[in-house]
Amino acid sequence: MHEFSIAQNIVEILTQAVEDNRLVNIELITVEAGELRQIVPESLKMAFDALKTEKGSPPAIRNCRLNLAIIPQAVSCSDCGCNFYPEDLCYICPDCGSINTEVKEGNKLIIKSIKGETD
Amino acid sequence: MIIELNQNIMDSNNSRADEVRKILAEYNLVMINIISSPGSGKTSLLEKTLGKLGKIFSLGIIEGDVNTTRDARRLESFGLPITAVNTRGACHLNSTIILKALDELPLDNLDCIIIENVGNLVCPSEFDLGEHAKIAISSVPEGDDKPQKYPLLFREAKCLILNKIDLLPYVPFNRKVFYRDIENLNPKLPLIETSCTTGDGVDAWIKWITDFITTNRKTV
């Protein structure tokens, strides 16, 4: 259940954003989770919903909805330059058979944006 | 209004992991993070490793446990500095916990710190602890499907131990499938087969970790 720790981090970042931008309400937060990060959407939403209404959380995030987008993986071959999706979790280049490949997408966990109102 | 944040959610953990890395560099220490399911043999492998490795390097241990200090007690007889971390139910260690644990170890006198993470194949692989290497252990009775089911750990690990190979004749474990999946998932990952019961493969593992520590410490 690493989703709980992740939700805690999200609430911390939102708390800072409320302060930095003098927000009175954050209606929506968009999170992008790379496929490799193994996030269970329901668990993250459940943890976030529990934490946003906790005593210490700012009132401006109480009604915030979490929009979670799972970003599929994109792998690039360092030898032939081809880009591919690792079908069946195979990271060997399907074109040239090289093992020198790098995950370019699907590895990150970021807060993309928030939608809020100032006073 | 819409505010584009583009902020990494793991920033706070990662910046504390950077602090850990600074400390490790300052004291010329190598830190290893051992991750596996509960019961796959992390503590047993350490019991087989610490005696021999402790003759080559000065070792410290950070022992993560959800609810007891049993594993730390199992390792006490080696006489090494051990910090037992009880996560009180949390399923992983994070870099804040490691920073605190480092405070309790005699860093001046150490060459290498070995972390035994909480038994879990998912969460611990998500958290950067500032370590030089994550080591994955998979064991034969768990089945051959673990790399496909929990790919992140096997992608992030620098070495994979397949433990309890003495049980191969007794449980349905398809070695070919396991090796094929690992080769597809992380073709450069060294895989060492061990049995902590018979001692098979333990020397190969100790050689790997000895080479790794030597390579990653600055020669003074």
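Observations, loosely collected:
- Scanning the range B:203-220 for residues that are at pLDDT below 95 and not hydrophobic (A, V, I, L, M, F, W, C) turns up B:ARG217, B:LYS218, B:THR219.
- Considering residues of the range A:76-93 that are away from chain B (no Cβ under 11 Å) and part of a loop (DSSP other than H, G, I, E, B) only, the residue nearest to B:ASP145 (Cα to Cα): A:TYR85
- In the set (1) within 14 Å of chain A (Cβ to nearest Cβ); (2) under 28 Å from B:LYS218 (Cα atoms); (3) at pLDDT below 95, the condition left unmet by B:ALA90 is number (2).
- Of the candidates B:GLU76, B:GLU4, the single residue that is surrounded by fewer than 19 Cβ atoms within 10 Å (Cβ to Cβ) and either within 22 Å of A:LEU109 (Cα to Cα) or within 14 Å of chain A (Cβ to nearest Cβ) (or both) is B:GLU4.
- Residue list for the range A:47-86, restricted to those being among the hydrophobic types (A, V, I, L, M, F, W, C), crowded, with 16+ Cβ neighbours inside 10 Å and either without any contact (Cβ under 8 Å) to a residue 24 or more places away in the chain or farther than 20 Å from A:GLU3 by Cβ (or both): A:ALA60, A:ALA74, A:VAL75, A:CYS77, A:PHE84
- Condition met for B:GLU104 (over 25 Å from A:ARG37 (Cα atoms), acidic (Asp, Glu) and more than 16 Å from the chain's Cα centre (by Cα)): yes
- Inter-residue pairs, beta-carbon under 6 Å, first more than 7 Å from every other protein chain (Cβ to nearest Cβ) and surrounded by fewer than 16 Cβ atoms within 10 Å (Cβ to Cβ) and in the range A:1-30, second among the aliphatic types (A, V, I, L, M) and in a helix (DSSP H, G or I), 6+ apart: A:VAL24/A:ALA60
- Single residue of B:GLU156, B:GLU116 found to be crowded, with 16+ Cβ neighbours inside 10 Å, within 14 Å of chain A (Cβ to nearest Cβ) and among the acidic types (Asp, Glu): B:GLU156
The values are calculated or read from the model by the stated rules, or taken from the named source; none is laboratory data. Please read these numbers as outputs of a predicted model, since none were measured by experiment. Positions of Cβ are generated from backbone atoms using ideal geometry, with glycine treated the same way; all protein chains shown enter the neighbour counts.
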